[in-house]
1. What pairs come up if the first residue lies in the range 47-64 and is within 10 Å of Val104 (Cβ to Cβ) and assigned by TED's automatic domain parsing to the domain that holds Cys100, the second is part of a strand (DSSP E or B) and among the hydrophobic types (A, V, I, L, M, F, W, C), and their beta carbons are under 6 Å apart, counting only those six or more places apart or on different chains?
2. Kindly list the number of the only condition in (1) surrounded by 16 or more Cβ atoms within 10 Å (Cβ to Cβ); (2) closer than 27 Å to Asn128 by Cβ that fails for Phe81.
3. Residue under question is Val113, and the condition is that it be outside any loop (DSSP other than H, G, I, E, B), under 13 Å from the mean Cα position of the chain (by Cα), of a type in the set (A, V, I, L, M) and surrounded by 14 or more Cβ atoms within 10 Å (Cβ to Cβ); does it hold?
4. Does at least one position in the range 76-91 carry a residue that is outside any strand (DSSP E or B) and within 23 Å of Gly34 (Cβ to Cβ)?
5. Among the residues of the range 85-103 satisfying the criterion of being in contact with a Ser or Thr (Cβ under 9 Å, 6 or more places away or on another chain) and buried (at least 16 other Cβ atoms within 10 Å of the Cβ), which is farthest from Thr58 (Cα to Cα)?
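The values are calculated or read from the model by the stated rules, or taken from the named source; none is laboratory data. Computed from a prediction, not measured in an experiment: that's the story for all the values here. Glycine also receives a Cβ, built like all others from the backbone with ideal geometry; neighbour counts cover every protein chain displayed.
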Amino acid sequence: MVMNKRLILGLAGAAAALTAVTPAAAQQWRWNEGNWRTIGTTRVDGRDRDVVQLPGFTRQREIRVCALNAPLRLRAFDIRFANGGRQDVNTRSVLEAGTCTRAVDLRGNRRDVASVSLRYEPVAYRANRPLVRIQVR
């Protein structure tokens, strides 16, 4: 009986600690973070490929992909430019929730990004699907 009370109190304390940390973690994902601008988001749906259409008409020199609320195993992403060119980026890494890929230099002079095709697989099948952000600078 005493052990059950300790377990319940321990779980309640852990839940309270996680709740206290959540607002600070949410604040780190601003629209314009350290010169990085979010230009597209998508909630990946469990298939192995998604395409994020982007607004274009903005000149960029670097790009990165971020996973927000759940981990994601990102195999690669394919960048399509407004002029028809493309650039493939192999990542083969696991993005934990709240992390991003390395900054990828876009080939050529500042480029207009039209779309990004993501090739991925979920790390765990959960109720909440990963939210992915495309950020540029």
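1. As it stands, the answer is Ile63/Val104; Ile63/Val136; Arg64/Cys100, since those pairs meet every condition given.
2. (2)
3. When the stated conditions are applied, Val113 does not pass them.
4. No, the conditions are met nowhere in the range 76-91.
5. In this case the residue turns out to be Leu95.
Okay, residues lined up against (1) closer than 12 Å to Gln135 by Cβ; (2) touching a strand residue (DSSP E or B) at 6+ places or on another chain (Cβ under 6 Å); (3) surrounded by fewer than 20 Cβ atoms within 10 Å (Cβ to Cβ):
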{"site": "Trp36", "(1), (2), (3)": "yes, yes, yes"}
{"site": "Gly40", "(1), (2), (3)": "yes, yes, yes"}
{"site": "Phe57", "(1), (2), (3)": "no, no, yes"}
{"site": "Leu74", "(1), (2), (3)": "no, yes, no"}
